[in-house]
Amino acid sequence: MKRTRRAFPWCLIALTALVPRSFAQGSSAPQTDPIAALVNQLDLDRYKATIKGLTQFGDRRQGTERNRKALDWIEARLKSYGCTNTERLQFEFTEPVKRAPPAAPPPARAGGPAGAGGSTLFGQRGATGVNIDASAQPDEHLRALNAEPTPQGTSLREDVYCTKVGTSHPEEMYIVGAHMDGIGWGEAADDDGSGTALVMELARVFSLPGVETERSIRFILFNNEETGLHGSSAYVARRKDLQGIESPKGSGRYPEPKWLGMIQHDMMLFDHGMPVARLGADGKPLLDPKGQPVYAPPREQRAEADINVEYQSAAQHADGAARLAWAFRAANDKYAVRYPAAVGFHMTNTDSTPFTDWVPAISVRENERGMQIGAGWNPHWHQPTDLYSAYSDKDFLLGLDAARTTLAAIAQLTGAKFKN
Ligand SMILES: [Zn+2]
């Protein structure tokens, strides 16, 4: 037996010599997972630097010069990543917005008041609202940067996008979006610098040399989300009937590939949990001017923070959207590093909403929009405190894991390969 064993390696070497070279390499060094190789192109410093870059334009309120400068900056960055076929979609917008009278609130449920999107506001709630007071921004530099108001009347606004063209199915695409405008007299770092930076980072990775996808991907930054989804609504109205049309005929070019799915990213950083009663230095609950206890979320990212992938159960393509959401959860299980994903069915108030009649559409966020953000789980939402400096690495890592999740899911859905 000993003798036979000793002889065995020699025998193996002799056999290996007979095996064709390519096969021998394949069997001795298994191919690395191309999805993992792509996900590994993301890193925390780059993600943070892109959010920081966006904050140089203050709150990027729609219709202002700081908003237009941010669009130019985003477009230049997309081109520098190699996503060079950038385009803009122009639409007219009129201020003030004519809003429909608010519908009567639905009756409360056992768990609490009804929230947006069909949700229920369980548990303790914190303050929500939009800051419209420039003097609420204590930073003089930022107050000056955000000073220009939205123009009244009708003028043009722009969305910006670039497209990774699929090799075998250029006529079909997934749309990966975020909104680049903000409000509140801060830096709109989380809402929605965090989603905009995520989309930009994905455009960078998918544009790296050696990356190929079978299907197309459009990376889009919508404007005028905060006025009521006007940038995404304009996109749907103007582009939906162009889907899958080759133009010019015979060119192999599809200005608007057929929509396979739409994924919107909006507020990616902050999941500190349910608001709790704030205590004063004396250990007693802090009271507001009306004598009511003040509830606010904890100051640190909670260890069990998660990424919330939502679809809308009342949407026309709800079944397809649910399948898309679960594909994101599976991608998160496999490729996220620190924070898991949860799936919910009350997607609402985001740029994926105008797409729901046409295509499976989901949103990816730090919290559920209805039940959690709607109950004051993010104290910086639309406030002067939505600043880059308000977030820690534990917060930024939630956004980075959301980026890993979307990148991995979209890479799988579009048949991505990475020849590095
Ligand atoms: Zn937002």
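A short reminder: the numbers here are calculations on the coordinates, not readings from a lab. For clarity, every value in this text was computed on a predicted model and none was experimentally measured. Counting neighbours? That spans all protein chains shown, and the Cβs are built from the backbone with ideal geometry, glycine included.
Of note:
- Between 0 and 90°, nearest 10: helix 194-206 axis offset from the chain longest Cα axis: 20 degrees
- Against the chain, whose longest principal axis comes from its Cα atoms, helix 2-18 is set at around 80 degrees.
- Once the chain from Asp319 to Arg253 is taken as fully extended at 0.36 nm per residue, the excess over their C-alpha distance is 20.7 nm.
- Test item: Cα-centred dipole of the chain, Lys/Arg +1 and Asp/Glu -1 on Cβ, debye: 1760 debye
- Placing a label point 7 Å from the Cα of Arg329 along the Cα-to-Cβ direction, none of the residues of segment 377-420 has a backbone N under 13 Å of that point.
- Fewest-first sequence of Leu229, Leu156 by Cβ atoms within 10 Å of each Cβ: Leu156, Leu229
- The overall shape of segment 106-190, judged from the alpha-carbon gyration tensor, is oblate: a/c is not under 1.5, and a/b is no greater than b/c.
- DSSP beta bridges confined to the chain are antiparallel in about 55 percent of cases.
- Cα-based convex hull volume of the chain per residue, rounded to whole Å³: 210 Å³
- Magnitude of the charge dipole, segment 308-384, Cβ model with Lys/Arg +1 and Asp/Glu -1, debye to 20: 240 debye
- Taking the C-alpha atoms only, the angle from helix 65-81 to the longest principal axis of the chain is near 0 degrees.
- Residues Ala104 and Ala134, FRET efficiency given R0 of 30 Å [Cβ-Cβ distance, rounded to 0.05]: 0.35
- Relative exposure of Met200, Met347, judged by other C-beta atoms within 10 Å (fewest first): Met200, Met347
- Modelled spin-label separation between Thr150 and Leu242, with each label point placed 7 Å from Cα along the Cα-to-Cβ direction: 2.6 nm.
- For segment 251-352, the set of GluC sites (Glu not before Pro) satisfying both a DSSP loop assignment and a count of at most 14 other C-beta atoms within 10 Å is given as Glu300, Glu304.
- Close amide H contacts of Phe222 (hydrogens built in the peptide plane, cut-off under 5 Å, sequence separation of 5 or more or a different chain): Ala178, His179, Met180.
- An ellipsoid equivalent to segment 77-147, defined through the eigenvalues of its Cα gyration tensor, has semi-axes of 35, 23, 18 Å when rounded to whole angstrom and sorted largest first.
- In segment 164-301, Rg over Rh equals 1.19, where Rg is the alpha-carbon radius of gyration and Rh the Kirkwood radius from pairwise Cα distances.
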